[in-house]
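Chemist: Once you've had a glance at the structure underneath, I'll fire off some questions.
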Amino acid sequence: MSRSQRLVGYLLPIALATLFLVLSQASAQKPKPTTVDATPTLTLTTDTPVVTACSGAVQLVKLNAVATCPPGYLVKYRWSTSTGRISGDGPTVIWDLSGVAPGMYKASIDIDTSGNGNDCQAFTATTVIVKACPPVIQPSCPNVEITCPSIIAIDEPLTFSAKVSGGFPVVTPIYNWSLSAGSIIDGQGTSSIRVDTTGLAGQTIKATLSMGGHPLDCSASCAISIPIPPAKCRKFDEFPDISRNDEKARLENFGVDLQNDPTATAYVVVYGGRRSARPDDVQKRHAGILDYLVNSRGIDARRIVTVVGGARDDMMVELWTCPQGAKPPNP
């Protein structure tokens, strides 16, 4: 064997060992394939967890799904609800709960992903509460009680008072009084007023209180009648023992007054005189006056009443007119 052959035989095992070592190191440095987790994460939120079942109220709920998945995976969304209507088909939809009865309702979302030969799914749900519409409280007037005066005197001021309670909405009361007759002396804008009744005898006064500040017409009233003063007799004339002609002139005017009021009664009161008294002076005076009124003035004798008065120093005649119901003169 030659020297070169021996050298090759000596170096060949070393070369083979070195090649094996290089190949082993290259194999160790080659990257290993990675395994990708394709399981998605899914969350579901709503912007309005509670709605009311009131007419005209907003009953649209926004649902927003957030899915997390590896790049390259296509997410498909499938929505479902126990009631109502879903508008949309992506990650964000509108849930319409209009007309739904009060209660708790559920919206669900189911997704699946596909890509790189792998399919994965996820599911979640959320709930929304539909509350009953609160009862509508209609406006109402307060209780208004007006107290009328219990003591009524002719031409004297009267007091009307009011007591106010309750009502909706609750407002600061505004008192606005009005009268059918008379005038308010003071108290307008308060719960009590004083009213001037001068010259209102025989009339009815109605006090009305309107409560301001309320959405309704809230008013109450109270009425009282002013009494008519009692009828009184009126002394028309008086004169002493005068001449017949002067007496006729006085009786002429008296007769005209009686004719102007056919319902009045005439009273002729004659007082006897102590100084020149004769037994029949009073009777003669009555007879003369009655004769003139009946025969000259045409007054019905039934309307004339003669009265004998007490004794005075000198004779005196009084002529009275008395309306119906009046108390006769008391000489």
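Chemist: Of all residues in segment 63-82, how many are free of Cβ contacts under 8 Å to residues at least 40 places away in the same chain and under 19 Å from residue 123 (Cβ atoms)?
Modeler: The number of residues fulfilling the criteria is 11.
Chemist: Under the condition of being charged (D, E, K, R) and surrounded by 14 or more Cβ atoms within 10 Å (Cβ to Cβ), which residue from segment 272-313 is modelled with the highest pLDDT?
Modeler: Step one: list which residues in segment 272-313 are charged (D, E, K, R), which gives 274-275, 278, 280-281, 284-285, 291, 297, 300, 302-303, 312-313.
Filter again for surrounded by 14 or more Cβ atoms within 10 Å (Cβ to Cβ), leaving 281, 285, 297, 303, 312.
On the way: 281: 88, 285: 93, 297: 92, 303: 96, 312: 89.
Filtering segment 272-313 for residues that are charged (D, E, K, R) and surrounded by 14 or more Cβ atoms within 10 Å (Cβ to Cβ), the one modelled with the highest pLDDT comes out as 303.
Chemist: For segment 267-297, enumerate the residues that are touching a residue at least 12 places away in the same chain (Cβ under 8 Å) and in a helix (DSSP H, G or I).
Modeler: 281, 282, 285, 286, 288, 289, 290, 292, 293, 296
Chemist: For segment 298-331: of the residues being among the charged types (D, E, K, R) and part of a helix (DSSP H, G or I), which is farthest from residue 237 (Cα to Cα)?
Modeler: The qualifying residue farthest from residue 237 (Cα to Cα) is 302.
Chemist: If I go through segment 299-325 residue by residue, how many of them are within 15 Å of residue 257 (Cβ to Cβ) and out of contact with any helix residue (DSSP H, G or I) (no Cβ under 8 Å at 6 or more places or on another chain)?
Modeler: Our first condition is that a residue be within 15 Å of residue 257 (Cβ to Cβ); within segment 299-325, this holds for 299-300, 303-304, 318-323.
Then keep just the ones that are out of contact with any helix residue (DSSP H, G or I) (no Cβ under 8 Å at 6 or more places or on another chain); that gives 318, 320, 322-323.
Residues in segment 299-325 being within 15 Å of residue 257 (Cβ to Cβ) and out of contact with any helix residue (DSSP H, G or I) (no Cβ under 8 Å at 6 or more places or on another chain): 4 in total.
Chemist: Residues 207, 220: which one is assigned to a strand (DSSP E or B), surrounded by 12 or more Cβ atoms within 10 Å (Cβ to Cβ) and touching a Phe, Trp or Tyr at 6+ places or on another chain (Cβ under 8 Å)?
Modeler: Details: 220 fails: touching a Phe, Trp or Tyr at 6+ places or on another chain (Cβ under 8 Å).
Within the list 207, 220, the selection yields 207.
Chemist: Follow-up. Can you tell me which of (1) exposed (fewer than 13 other Cβ atoms within 10 Å of the Cβ); (2) modelled with pLDDT of 60 or more is the one residue 22 doesn't meet?
Modeler: (2)
Chemist: Please go through segment 43-64 and pick out each residue that is closer than 12 Å to residue 131 by Cα and either basic (Lys, Arg) or in a strand (DSSP E or B) (or both).
Modeler: Passing the criteria: 50, 51, 52.
Chemist: Let me ask something additional. When you check residue 150 against the structure, is it of a type outside the set (A, V, I, L, M, F, W, C), assigned to a strand (DSSP E or B) and outside the structural domain of residue 59 (by TED's automatic domain parsing), yes or no?
Modeler: No.
The values are calculated or read from the model by the stated rules, or taken from the named source; none is laboratory data. Computed from a prediction, not measured in an experiment: that's the story for all the values here. Positions of Cβ are generated from backbone atoms using ideal geometry, with glycine treated the same way; all protein chains shown enter the neighbour counts.
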